[in-house]
Amino acid sequence: MGRPFAEVIGDPVAHSRSPMIHKAWLADLGIDGDYGAARVTPSQLADYLAGRRADPDWRGCNVTLPHKQAVLPLLDHVDPNARRIGAVNCVYRGAQGLHGCNSDVGGVAAALDCVDLRGGRAALIGAGGAARAALDYLAGREVDRIALLVRDPAKAEDLRSAVAGARVELWPMDRCDGAMSGARLLINASPMGMEGAPAMPPSLLACVAAHAPGTTLFDMVYNPLETGFLAAGRANGAAVVDGLAMLIGQARAAFQLFFGRPPPEDAEARIRALLTT
């Protein structure tokens, strides 16, 4: 056998910081392995995974846009939490073949566990795999109401039943003012504002600015680190949490699944310094 390796797959994927994180931890722990990035289009996904199955050195992959939901039927086993959420962001070799799990929920927890949310309201932008993970986390934090801002509410009806214990409302983007009214937490779980993706529309940023005072803003986008969403909140009195908190949090679980050892204890502080200097 050769050198063990893992990777991140998506389309696009050039923006990903995951290789920097995992390579740093491999070096810190003296593990002779590697971690890369591969652009895989939706039409290539099934064949790509089939090819990786046959490579004994491949330990698995992180899964990013747009594959977090499409990858489920290609796996041999999906963890119950990921099945419930309806999205997988980590694929690894297990006793039943290729296993899928969702470490995004742990990443959201790393970003938001310190925020008081019980009985409050939250507004969430997006309807993809990252949004599903955030919904699952928020339901576990006993949030009273979650307003979900989506492009087409009719196509997102299944998200109403994706979580138990929280009231999920679907709002179109052009009614952001009503969706954000009274929210204690605003989350961007969409790719808007990400490098190479469309910017967040001025009308949506205006809503964010209007409802920012006294709230917490969390952006899952980490490249760039200071997005228009976070800037609008910061300038109007919100506490802001950037996307690195989630990225590093979810990477911890994935690294151990791929390489059999946890990252160093000071992982977050050192990786944040690496990625921001």
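The values are calculated or read from the model by the stated rules, or taken from the named source; none is laboratory data. Small disclaimer: the values here were computed from a predicted structure and weren't measured. Note that each Cβ is placed from the backbone with ideal geometry, even for glycine, and that neighbours are counted across all protein chains shown.
So Thr277 clears everything in (1) touching a residue at least 12 places away in the same chain (Cβ under 8 Å); (2) among the hydroxyl-bearing types (Ser, Thr, Tyr); (3) out of contact with any Asp or Glu (no Cβ under 9 Å at 6 or more places or on another chain) except one condition, right? Which one?
Tallying (1) touching a residue at least 12 places away in the same chain (Cβ under 8 Å); (2) among the hydroxyl-bearing types (Ser, Thr, Tyr); (3) out of contact with any Asp or Glu (no Cβ under 9 Å at 6 or more places or on another chain), Thr277 fails exactly one: (1).
What number of residues within the stretch 139-163 are under 18 Å from the mean Cα position of the chain (by Cα) and more than 20 Å from Arg175 (Cβ to Cβ)?
Residues that pass the stated criteria total 5.
Quick one: how many residues across the stretch 140-171 are crowded, with 16+ Cβ neighbours inside 10 Å, small (Gly, Ala, Ser) and within 15 Å of Gly86 (Cα to Cα)?
Residues flagged as crowded, with 16+ Cβ neighbours inside 10 Å, small (Gly, Ala, Ser) and within 15 Å of Gly86 (Cα to Cα) within the stretch 140-171 amount to 2.
Criterion first (basic (Lys, Arg) and within 19 Å of Ala254 (Cβ to Cβ)) does Arg132 satisfy it?
yes
Restricting the first residue to the stretch 63-79 and requiring it to be on the phi < 0 side of the Ramachandran plot, which pairs with a second residue that is surrounded by fewer than 17 Cβ atoms within 10 Å (Cβ to Cβ) and among the basic types (Lys, Arg) meet a Cβ separation below 9 Å and a spacing of at least six or different chains?
What qualifies is Leu72/Arg83.
Would you pick out the residues in the stretch 239-277 that are surrounded by 16 or more Cβ atoms within 10 Å (Cβ to Cβ) and either among the polar types (S, T, N, Q) or not in a helix (DSSP H, G or I) (or both)?
Hits for the stretch 239-277 are Val240, Val241, Asp242, Gly243, Gln250, Pro263.
Can Ser181 be described as among the polar types (S, T, N, Q), in contact (Cβ under 8 Å) with a residue 24 or more places away in the chain and surrounded by fewer than 19 Cβ atoms within 10 Å (Cβ to Cβ)?
Yes, satisfied.
So which residues in the stretch 193-208 are closer than 26 Å to Asp116 by Cα and buried (at least 19 other Cβ atoms within 10 Å of the Cβ), if there are any at all?
Answer for the stretch 193-208, where residues must be closer than 26 Å to Asp116 by Cα and buried (at least 19 other Cβ atoms within 10 Å of the Cβ): Leu204, Leu205, Cys207, Val208.
Kindly provide the set of residues from the stretch 233-260 that are farther than 18 Å from Ala109 by Cβ and aliphatic (A, V, I, L, M), ordered by number.
Ala235, Ala238
Name the residues in the stretch 135-164 that are under 21 Å from Met194 (Cα atoms) and either hydroxyl-bearing (Ser, Thr, Tyr) or at pLDDT 95 or above (or both), would you?
If the condition is that a residue be under 21 Å from Met194 (Cα atoms) and either hydroxyl-bearing (Ser, Thr, Tyr) or at pLDDT 95 or above (or both), then Leu148, Leu149, Val150 are the ones that fit.
Determine, yes or no, whether Glu195 is out of contact with any strand residue (DSSP E or B) (no Cβ under 6 Å at 6 or more places or on another chain), touching a residue at least 24 places away in the same chain (Cβ under 8 Å) and either assigned by TED's automatic domain parsing to the domain that holds Gly120 or within 11 Å of Ala123 (Cβ to Cβ) (or both).
yes
Against the conditions (1) at positive phi; (2) not assigned by TED's automatic domain parsing to the domain that holds Ala87, where does Gly260 fall short? Just the number, please.
(2)
For the stretch 210-256, what are the residues that are more than 17 Å from Asn62 (Cα to Cα) and among the charged types (D, E, K, R)?
Correct list: Asp219, Glu226, Arg234, Asp242.
When Arg17 is evaluated against the numbered criteria (1) at pLDDT below 95; (2) within 21 Å of Ala269 (Cβ to Cβ); (3) surrounded by fewer than 16 Cβ atoms within 10 Å (Cβ to Cβ), which criterion, by number, is the only one it fails?
(3) is the only condition that Arg17 fails.
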